[in-house]
Amino acid sequence: MKDLLVLGIETSCDETSAAVVKNGRTILSNVISSQIDVHQKFGGVVPEIASRKHVELIIPVIDQAVHDAGIEKKDLDAIGVTYGPGLVGALLVGLSAAKAMAYALNKPLIGVHHIEGHIAANYLQSKALKPPFVCLVASGGHSHIVYAEDYHKFEIMGQTRDDAAGEAFDKVARALGMGYPGGPLIDKAAQAADGRLIDFPRVRFGNESLDFSFSGLKTAVLNYLNKAEQKGEAWDAQNVAASFQQAVVDVLVENTLRAAQRKQVKIVALAGGVAANSSLRKQMKGCAEAIGLEVCCPEPVLCTDNAAMIACAAYYEYKKNNISDLSLNAVPGLRLGER
């Protein structure tokens, strides 16, 4: 059987990425150009700047991905691209490049949902993984518990009602004077501290809800710091970071495992930038194994925004003949399950 080669393109936020994936599971190339250095001075992503950098980088990144894969563009079988959710200007850059390539090469265009891409990253890491399973998708813009019933069928079982987990990490890191992006910085600081020292709140909703809320936790951290400063008391950034992180991790793990037990699945997966957090990975694995569940988690580079996950998700759309029209537009607020 002929190998199926899919080019993935990802520009939903501040990473310009292109990748070639073979048969949905084997990464031939995965080029990621990050804009972190550009946005650090602003303490977060500036959408207009991100869009302009994507314009500069998109063609060189695609060319590099094709070169690294050892193929020519004519060898591709399909072009997959993120069309939502994300920053509209950033999405349009990747989408325009994908549509131009699909038209010029006469190849199928496949629009991919960004969150479905994150879930699909697990297939690249765990070659034998197949649905059904429950996946925690936690990043700067999303916090979802998703039941992946099939490659194309998803149910949102829980989601944040305010801040996403990664967004809370960034805001707390800024308050602690650590910089941007906050997730890796807090994770590093927390490794040398006691996460149970400060009892920050864990929000749990009634009525069997699996939703999250991190806004109150963020406010509790800010109030802790403000009260300490008003009283002239010193506070330790590492202890605050560790206690905040522990509060986030406790709720993420608890709700995800409740979802897995509710669906009676045997596998729990992690996805998104926050899935690279060492404390989350360790606690999820330990708690899941204690109740007989297996945990799948992509390596850190596949947790961040990358095009390999988009190519993987596009492969399964292609196999189901879910081909997009060249009129496909960016949908910044696209919900999971929408087309």
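The values are calculated or read from the model by the stated rules, or taken from the named source; none is laboratory data. Predicted model only: the values in this text are computed from it and were never measured. Counting neighbours? That spans all protein chains shown, and the Cβs are built from the backbone with ideal geometry, glycine included.
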With the first residue restricted to segment 314-331 and required to be closer than 20 Å to Leu105 by Cβ and of a type in the set (Val, Ile, Thr), and the second required to be part of a loop (DSSP other than H, G, I, E, B) and at pLDDT 95 or above, Cβ contacts under 9 Å at 6 or more apart or on different chains are Ile323/Pro108
Among Lys188, Lys218, Lys227, the single one that is surrounded by fewer than 17 Cβ atoms within 10 Å (Cβ to Cβ), within 22 Å of the chain's Cα centre (by Cα) and either within 30 Å of Asn322 (Cα to Cα) or assigned by TED's automatic domain parsing to the domain that holds Gln283 (or both) is Lys188
Lone qualifier among Thr16, Thr26 - being among the hydroxyl-bearing types (Ser, Thr, Tyr) and surrounded by fewer than 17 Cβ atoms within 10 Å (Cβ to Cβ) = Thr26
Only one of Ala97, Ala138, Ala128, Ala78 is at pLDDT below 95 and in contact with a strand residue (DSSP E or B) (Cβ under 8 Å, 6 or more places away or on another chain), namely Ala138
Looking at segment 82-89, is at least one residue under 16 Å from Leu7 (Cβ atoms) and crowded, with 22+ Cβ neighbours inside 10 Å?
-> yes
Can you pull out the residues in segment 244-282 that are charged (D, E, K, R) and in a helix (DSSP H, G or I)?
-> Asp250, Glu254, Arg258, Arg262, Lys263, Arg281, Lys282
Members of segment 108-128 that are touching a helix residue (DSSP H, G or I) at 6+ places or on another chain (Cβ under 7 Å) and not acidic (Asp, Glu) | Pro108, Leu109, Ile110, Val112, Gly117, His118, Ala120, Ala121, Tyr123, Leu124, Gln125
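Please specify each residue of segment 217-237 satisfying the condition of being within 29 Å of Val268 (Cβ to Cβ) and in contact (Cβ under 8 Å) with a residue 24 or more places away in the chain.
Passing the criteria: Leu217, Lys218, Val221.
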How about segment 1-107: which strands (runs of 3 or more DSSP E) wholly inside it have at least 1 residues that are of a type in the set (S, T, N, Q)?
-> 15-22, 26-34, 78-84
Answer yes or no as to whether Glu299 is of a type in the set (Asp, Glu), surrounded by fewer than 24 Cβ atoms within 10 Å (Cβ to Cβ) and more than 19 Å from the chain's Cα centre (by Cα).
-> no
Would you pick out the residues in segment 170-191 that are within 15 Å of Val249 (Cβ to Cβ), touching a Phe, Trp or Tyr at 6+ places or on another chain (Cβ under 9 Å) and not in a helix (DSSP H, G or I)?
-> none
Do we find that Ile145 is part of a strand (DSSP E or B), assigned by TED's automatic domain parsing to the domain that holds Lys171 and either buried (at least 23 other Cβ atoms within 10 Å of the Cβ) or not hydrophobic (A, V, I, L, M, F, W, C) (or both) in this structure?
-> yes
